[in-house]
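Working notes for the structure below.
The values are calculated or read from the model by the stated rules, or taken from the named source; none is laboratory data. Just so we're clear, the structure is a prediction, and the values are computed from it rather than from any experiment. Glycine also receives a Cβ, built like all others from the backbone with ideal geometry; neighbour counts cover every protein chain displayed.
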Ligand code: EPS
């Protein structure tokens, strides 16, 4: 059973998104502002569509927080979908006298068709409402809770965009703090100003062509103690858990840890990170971090570095051929509105998912009922590692 348990509910145009988080120790500082900042960052980004002008995501606590601190009980959060007011007829949970028009035209690249067949729903709206990336607002809230937990033991998680369409950032040899502050200041969560300008041009070009763009983001977690995850069983390996967490984000098609796919074309001597010892700090160090902070499925004390590739958004003005599920006739998909590029938004969700996977691994190793107990457990273990001989 996971140690940081959570679940979201909610349809894209329903009244609310809901998240419940369980397993968070008592006494962790948690304010709505901590969560709202991440929700606002997820809404930003050059290339988002009309929906983001309607929504201003804000969280409300329904349970689990009192006086700015977690209680140790389940934390329940809600986010209002403002657009719901425009969808009252189509999204009503009540039986409608006049049935809203069914969606019968599946969009290639979406869950519409496979989901409709699987759940036996003739109205594909029953699938697309939940498959929508709107759900990631609730995940971002859960991730913000995980980040507050990690912050108790000084672990920080941030993301930055490294490619959009064909445009890639140049080599970035920046300290983590600088990388983070530059990404936070950018419309595209990109730390390279020159690349950011070219990414925006690529997004404009795609929009003019009625098309969409994907990209790649990187998530970095700093000050992660050595020893999260384990080599002993497949399902305890943290690299596998991080990959699953990132891959579960809507539209993600690939995940790498550290230098990932690039290492496959290199020799071992060029790939593995040498081990040094810092006698002052009493810790083992590595001059390079190609492993992305994970060896044998265990954190090794270096920064955890993961990347995820997002496919271009599937709702296209320039639609691909599809077939009406009712008539079986081909059609040219009707287009309402869509984001052109949501890689910057996805990077914030990536941040959330990595934080969730790390929070789970932290509680697995140091499981505690209170913040004080957690901090003490981590501190005594770190001291134990310094005495290792
Ligand atoms: C989405 C389609 C668009 C996006 C939405 C994800 O929404 P709509 O169908 O209302 O135009 O804006 O993203 C969000 C609402 C969000 O909060 O990120 C989809 O089909 O996945």
Restricting attention to the range 6-17, which residues are assigned to a strand (DSSP E or B) and closer than 18 Å to residue 56 by Cβ?
-> 16, 17
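Determine, yes or no, whether residue 220 is buried (at least 17 other Cβ atoms within 10 Å of the Cβ) and closer than 29 Å to residue 283 by Cβ.
Against the criterion (buried (at least 17 other Cβ atoms within 10 Å of the Cβ) and closer than 29 Å to residue 283 by Cβ), residue 220 qualifies.
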Output yes when any residue across the range 362-384 is surrounded by 13 or more Cβ atoms within 10 Å (Cβ to Cβ), within 16 Å of the ligand (Cβ to nearest atom) and assigned to a helix (DSSP H, G or I), and no when none is.
-> no
Please specify each residue of the range 237-264 satisfying the condition of being surrounded by fewer than 18 Cβ atoms within 10 Å (Cβ to Cβ) and not in a helix (DSSP H, G or I).
-> 248, 253, 254
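Could you name every one of the helices (runs of 4 or more DSSP H) located completely within the range 23-131 that has at least 1 residues being within 12 Å of the ligand (Cβ to nearest atom) and touching a strand residue (DSSP E or B) at 6+ places or on another chain (Cβ under 6 Å)?
Fully inside the range 23-131 and qualifying: nothing.
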Top-ranked residue of the range 321-361 - restricted to ones that are touching a strand residue (DSSP E or B) at 6+ places or on another chain (Cβ under 8 Å) and in a loop (DSSP other than H, G, I, E, B), ranked as farthest from the ligand (Cβ to nearest atom) | 329
Which one of these does residue 269 not meet: (1) within 16 Å of the ligand (Cβ to nearest atom); (2) free of Cβ contacts under 8 Å to residues at least 12 places away in the same chain?
-> (1)
Within the set of pairs 6+ apart or on separate chains, which have a first residue in the range 133-145 that is farther than 14 Å from residue 43 by Cβ and in contact (Cβ under 8 Å) with a residue 24 or more places away in the chain, a second that is assigned to a helix (DSSP H, G or I) and within 12 Å of the ligand (Cβ to nearest atom), and C-beta atoms under 9 Å apart?
-> 143/348; 143/349
Filtering the range 180-229 for residues that are out of contact with any strand residue (DSSP E or B) (no Cβ under 6 Å at 6 or more places or on another chain), under 16 Å from residue 41 (Cα atoms) and part of a helix (DSSP H, G or I) leaves a count of 4
Might you let me know whether the range 149-169 holds any residue that is in a helix (DSSP H, G or I), at pLDDT 95 or above and buried (at least 18 other Cβ atoms within 10 Å of the Cβ)?
-> yes
Given the conditions (1) assigned to a loop (DSSP other than H, G, I, E, B); (2) under 24 Å from residue 49 (Cα atoms); (3) touching a helix residue (DSSP H, G or I) at 6+ places or on another chain (Cβ under 8 Å); (4) away from the ligand (no atom under 16 Å from the Cβ), and given that residue 318 satisfies all but one, which numbered condition is not satisfied?
-> (3)
Would it be correct to say that residue 8 is in contact (Cβ under 8 Å) with a residue 60 or more places away in the chain, surrounded by fewer than 18 Cβ atoms within 10 Å (Cβ to Cβ) and within 14 Å of the ligand (Cβ to nearest atom)?
-> no
So which residues in the range 272-304 are on the phi > 0 side of the Ramachandran plot and either more than 23 Å from the chain's Cα centre (by Cα) or in contact (Cβ under 8 Å) with a residue 60 or more places away in the chain (or both), if there are any at all?
-> 282, 293, 296, 297, 301
Residue 181 fails exactly one of (1) surrounded by fewer than 19 Cβ atoms within 10 Å (Cβ to Cβ); (2) closer than 30 Å to residue 60 by Cα; (3) touching a helix residue (DSSP H, G or I) at 6+ places or on another chain (Cβ under 9 Å), namely (3)
Determine whether residue 3 is touching a residue at least 12 places away in the same chain (Cβ under 8 Å) and away from the ligand (no atom under 14 Å from the Cβ).
-> yes
Selected residue (only one of 63, 94 is free of Cβ contacts under 8 Å to residues at least 12 places away in the same chain and under 21 Å from residue 9 (Cβ atoms)) = 94
